[in-house]
Amino acid sequence: MQIRPDLKLRRVGDNYMLVAVSDGDLNTTAVHTFNATAAFIWTAAAASAGTDAEALARLVCDEYDVDYATALADVRAILADWHAAGLIG
């Protein structure tokens with residue numbers, strides 16, 4: 001699976017919003033809000049890791065104080081949610 005390239009993560013105060021952007025226009029009909037951890041995972045996936053749950057879980061462990069099994073379960077759950085929402089395909 002890959003993240004959709006037309007989606008951009010934006011920070012708004014302490015929150016993160018994922019919005020569809022095309023040719024300078026902002027589509028706010030579907031806005032997804034992320035917490036800091038979800039934003040970290042999205043950014044890592046967009047930068048290089050793709051949606052490989054194992055690679056993303058290792059990055060989460062490096063960034064946060066969490067064991068690998070917990071990180072992997074959480075990453076798999078968020079990827080499933082994103083897939084169901086059409087954010088990754």
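Structure notes:
- Taken together, the residues in the stretch 37-80 that are within 12 Å of the chain's Cα centre (by Cα), at pLDDT below 95 and exposed (fewer than 13 other Cβ atoms within 10 Å of the Cβ) amount to 1.
- Listed conditions (1) open to solvent by 60 Å² or more (accessible area, probe 1.4 Å); (2) over 11 Å from the mean Cα position of the chain (by Cα); (3) at pLDDT 85 or above are all met by S22, apart from (3).
The values are calculated or read from the model by the stated rules, or taken from the named source; none is laboratory data. Just so it is clear, the structure is predicted and the values come from calculations on it, not from any experiment. Please note: Cβ atoms are built from the backbone with ideal geometry, for glycine as well, and neighbour counts cover all protein chains shown. These accessible areas exclude ligands, DNA and RNA; they are computed on the full protein's heavy atoms, side chains included. Shrake-Rupley method; radii C 1.70, N 1.55, O 1.52, S 1.80 Å.
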